[in-house]
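Let me begin by presenting the structure, written as structure tokens, before commenting on it.
The values are calculated or read from the model by the stated rules, or taken from the named source; none is laboratory data. These figures come from a predicted structure and were not determined experimentally. Virtual Cβ from ideal backbone geometry, glycine too; neighbours counted across all protein chains shown.
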Protein chains: 2
Amino acid sequence: MSNIEVPYKIYLSEDDVPDSWYNVRADMKNKPAPLLNPGTLQPMKFDELRPVFCDELIKQEFDNDTAYIKIPDEIKNFYMMYRPSPLIHAVFLEKALKTPAHIFYKFEGNNTSGSHKLNSAIAQAYYAKKQGLKGVTTETGAGQWGTALAMACAFFKLDCKVFMVKVSYEQKPFRREVMRTYGATVTPSPSMETEAGRKINEAHPGTTGSLGCAISEAVECAIKSEGYRYVLGSVLNQVLLHQSVIGLETKKACEKYNIQPDIIIGCAGGGSNLGGLISPFMGEKLRGEKDYKFIAVEPASCPSFTRGKFVYDFCDTGKICPMAKMYTLGHDFIPSANHAGGLRYHGMSSILSQLYHDGFMEARSVEQTKVFEAAEQFARTEGILPAPESSHAIRVAIDEAIKCRETGEEKTIIFGLTGTGYFDMKAYEQFNDKTMSDHIPTDEELQKGFASIPNVN
Amino acid sequence: MSNIEVPYKIYLSEDDVPDSWYNVRADMKNKPAPLLNPGTLQPMKFDELRPVFCDELIKQEFDNDTAYIKIPDEIKNFYMMYRPSPLIHAVFLEKALKTPAHIFYKFEGNNTSGSHKLNSAIAQAYYAKKQGLKGVTTETGAGQWGTALAMACAFFKLDCKVFMVKVSYEQKPFRREVMRTYGATVTPSPSMETEAGRKINEAHPGTTGSLGCAISEAVECAIKSEGYRYVLGSVLNQVLLHQSVIGLETKKACEKYNIQPDIIIGCAGGGSNLGGLISPFMGEKLRGEKDYKFIAVEPASCPSFTRGKFVYDFCDTGKICPMAKMYTLGHDFIPSANHAGGLRYHGMSSILSQLYHDGFMEARSVEQTKVFEAAEQFARTEGILPAPESSHAIRVAIDEAIKCRETGEEKTIIFGLTGTGYFDMKAYEQFNDKTMSDHIPTDEELQKGFASIPNVN
């Protein structure tokens, strides 16, 4: 056996958990486009959003100028339960790849929600509680957001209603039980409990659901229930704000240990993890202080960045929500049922969309069998069983490290390991059994989705 | 909302991972009784055990005298992937219980195996690799040990054959997939692949299996396969030795932060976690330096300590293994099928059995619905979803903290949170659905188990 170097696991001290979130919008010259009222086509006003969102969160959603927003003590105290999260030097993976590259990953899976989603869930639950609400509604795809929100609501003793994309509900029965254990009620979507759900069930009998549809149901449920608001785990500006703790800690660890990242990689569904991870580094790039290569990785079966359009679209299938300007496949787009992991959303964070549009970041799409190959290799070398979503980032990190092997470059690569795959074993089973397949939407399939984009652009 | 104190999460530095394991036997006046050859009734000799165990591990098994045994670099390097594990101050649980007690837990679930089992798995895999073996066989009950071993074998590129207790195999299909992802083969036990399995299937058609039976199969498979040895995740002296890293780190954290534990609590199936956690503290007690109250917690449905006999018994149902002197319910004892969690073993570590017999520790048995009540309360307050096994310790920690509330005593309680419950959602589902029930074996049921104890005592 060869001598193995001592791995390098950077746990910052609790004092290093940031006191403020960083709002990358403050440093963007081209601000993300505002949400539009689909009726008037005018930017949504504070009062128009109040039936849907908590007041404080609307303020954060609108705030394009404040660079640092203080994290309330109650939220920071909760963060202390599982933060700072470690930045891990992937020495075993480097060895396996025989690469001169230096690979690090920020591991956000060391909490019961199993992902970074908790960073925003606890913030949103806190503001709901502070506003005196009874509860919140939400949707969940892969189930990580729902679990995170259920935990956060249990902590603040808020009621929690989760609409779970039907395909995940069926593939991940244990996710449902985790949420129930934390006191949440979980409904498969599309359901018959909302108008939006009933409409979609009628139009697409037997549909396995989509995030866009579950959003419609959750929003409708919030609006129609007294003392409830809707909360969302990705896409929104406020979510990227809360997730900036990932990047702030990563940056602090880099500074502490003199790590100079060249490439920063994150998976991208709605953009919450990627946006959070890259925010403070992006700030430096926007201010012209430093340069980094940012890579968003998305599934080839749901390629919003790489094949979508940068236009105003509805955030949800039921067209209940405001319209956002973003890279989108059209709100009627539903990824192929053979797509196993999360990252199923038709659109993308407005902030990231603007940054991508302005050339500040790149995007790649990857096929799922290749993603699971990377996941298996990572699990067997680094020990951690990654979530399929996170494994998109692993795939591209490995690809970049192999390139370094070929060129001899000693690049430093950081990627976000957003979560663990304990609840994704059905997908792993398909991979282990070699029954997993890929699906790249044809241009015709994409056209069908694009056809649903409203004619306001 | 009330002001919450900042939680207290003690991450030691990587330098604090111990360099040596601590062997509590060195400080025991009454050594644990030796393993017996069931044919000759004489203590097993090194050569007799060689077909079953790796050489170095046999030495560790026999060594009653060396207090500190150096951890090989390769093992210590692997430990660095997930150790030191945090000692967490349960401030939120204390608040919820309104107790003056100080509660801490050593959390061993922050690795993909989801439990402390990895501490010994990597050691055993290392010694097997060093001996030039092809692979190892083992059994797994709840699945944590099998997962840990699969991870360890993937790391050292060893073949890994796991016999999984049938009830767990069926209740935890996802565990199987984790093991497969790490490259292991998993067979439900009793199987038809071994003589031992076929015999048990014949004698008890439809049996849901037991650890004792799976052990027989794994041992037989190792003996009959060239280049294979058997490894075990609990009970044995060597395992408690490896698990002492838990206690050594806990003790270091206590010393660093001036925490003076009064009560130390661990769940007990075969004794690996409890033995590892208490070892260095027990050493102080044995040497007369300090006093602690140690509490072993076991399920009422499998009460080896509290209702078993301290006698020589077979370690496995098939009577292939040597006999050990231990608290046992008889090797034919199989816990009621309604028992959901792990801790299903009929016997108990010889070391812990001797210490219990000599009055150095206490034991309690708890019913599973009460255990899951504690688990739910813990999850909702502390955030972490605990394994059912670990929740036995939580139950008694909560009970002791409530006693402190009644007496006003400010006791310091430490318990071992051995792992997470992500793969135990079937059991949580029963609890959530209120279909979970308890089973306390009747005296008649126990007598049936006792009847299988060999007449050598």
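Counting only strands (runs of 3 or more DSSP E) that fall entirely inside region B:1-97 and contain at least 3 residues that are within 21 Å of the chain's Cα centre (by Cα) and away from chain A (no Cβ under 14 Å), the qualifying elements are B:20-22.
Is at least one residue of region B:183-201 assigned to a helix (DSSP H, G or I), within 11 Å of another protein chain (Cβ to nearest Cβ), more than 21 Å from A:F423 (Cβ to Cβ) and not aliphatic (A, V, I, L, M)? Give the derivation first.
Going residue by residue through region B:183-201, those that are assigned to a helix (DSSP H, G or I) are B:195-201.
The next check asks that each one be within 11 Å of another protein chain (Cβ to nearest Cβ); those that pass are none.
Checked region B:183-201: no residue is assigned to a helix (DSSP H, G or I), within 11 Å of another protein chain (Cβ to nearest Cβ), more than 21 Å from A:F423 (Cβ to Cβ) and not aliphatic (A, V, I, L, M).
Scanning region A:409-428 for residues that are farther than 20 Å from A:C267 by Cα and either polar (S, T, N, Q) or more than 24 Å from the chain's Cα centre (by Cα) (or both) returns A:E409, A:E410.
Applying the criterion of at least 2 residues that are among the acidic types (D, E) to the helices (runs of 4 or more DSSP H) found wholly in region A:210-286 leaves A:211-224, A:237-256. Among the residues of region B:356-375 satisfying the criterion of being aliphatic (A, V, I, L, M) and in a strand (DSSP E or B), which is surrounded by the fewest Cβ atoms within 10 Å (Cβ to Cβ)? Of everything passing the filter in region B:356-375, B:A363 is surrounded by the fewest Cβ atoms within 10 Å (Cβ to Cβ).
Residue-wise test of (1) under 19 Å from the mean Cα position of the chain (by Cα); (2) crowded, with 22+ Cβ neighbours inside 10 Å.
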residue: B:I259; (1), (2): no, no
residue: B:I265; (1), (2): yes, yes
residue: B:G275; (1), (2): yes, yes
residue: B:R287; (1), (2): no, no
residue: B:T306; (1), (2): yes, no
residue: B:Y327; (1), (2): yes, yes
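Here's the yes/no breakdown for (1) surrounded by 24 or more Cβ atoms within 10 Å (Cβ to Cβ); (2) out of contact with any helix residue (DSSP H, G or I) (no Cβ under 6 Å at 6 or more places or on another chain); (3) away from chain B (no Cβ under 14 Å):
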{"residue": "A:G341", "(1), (2), (3)": "yes, no, yes"}
{"residue": "A:R344", "(1), (2), (3)": "yes, no, yes"}
{"residue": "A:S353", "(1), (2), (3)": "yes, yes, yes"}
{"residue": "A:Q377", "(1), (2), (3)": "no, yes, no"}
{"residue": "A:E382", "(1), (2), (3)": "yes, no, no"}
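Inspect region B:188-203 for any residue being within 20 Å of the chain's Cα centre (by Cα), over 22 Å from B:P34 (Cα atoms) and buried (at least 22 other Cβ atoms within 10 Å of the Cβ) and give the result as yes or no. Taking every residue of region B:188-203 in turn, at least one turns out to be within 20 Å of the chain's Cα centre (by Cα), over 22 Å from B:P34 (Cα atoms) and buried (at least 22 other Cβ atoms within 10 Å of the Cβ). Within region B:401-457, track down each residue that is β-branched (V, I, T) and either within 12 Å of another protein chain (Cβ to nearest Cβ) or surrounded by 15 or more Cβ atoms within 10 Å (Cβ to Cβ) (or both). Selection gives B:T412, B:I413, B:I414, B:T418, B:T420, B:I453. Listed conditions (1) without any contact (Cβ under 8 Å) to a residue 60 or more places away in the chain; (2) more than 14 Å from every other protein chain (Cβ to nearest Cβ) are all met by A:S210, apart from (1). Can you confirm whether B:E382 is modelled with pLDDT of 95 or more, at negative phi and more than 17 Å from the chain's Cα centre (by Cα)? No; evaluated as a whole, the condition is false for this residue. Taking the criterion of being assigned to a loop (DSSP other than H, G, I, E, B), surrounded by fewer than 24 Cβ atoms within 10 Å (Cβ to Cβ) and either polar (S, T, N, Q) or away from chain B (no Cβ under 12 Å) (or both), the residues of region A:102-139 that qualify are A:N110, A:Q131, A:L133, A:K134. With respect to the conditions (1) over 23 Å from A:E94 (Cβ atoms); (2) surrounded by 24 or more Cβ atoms within 10 Å (Cβ to Cβ); (3) aliphatic (A, V, I, L, M), A:I394 falls short on a single one, namely (1).
In the set A:K45, A:K59, which member is more than 24 Å from A:P454 (Cα to Cα), without any contact (Cβ under 8 Å) to a residue 24 or more places away in the chain and surrounded by fewer than 17 Cβ atoms within 10 Å (Cβ to Cβ)? Spell out how you get there, then give the answer.
On the way: A:K45 fails: more than 24 Å from A:P454 (Cα to Cα).
Unique residue meeting the criteria: A:K59.
Listed here are the residues, each with its yes/no results for (1) at pLDDT 95 or above; (2) within 20 Å of B:G275 (Cα to Cα); (3) among the acidic types (D, E).
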{"position": "B:E5", "(1), (2), (3)": "no, no, yes"}
{"position": "B:K31", "(1), (2), (3)": "yes, yes, no"}
{"position": "B:Q42", "(1), (2), (3)": "yes, no, no"}
{"position": "B:K45", "(1), (2), (3)": "yes, no, no"}
{"position": "B:N77", "(1), (2), (3)": "no, no, no"}
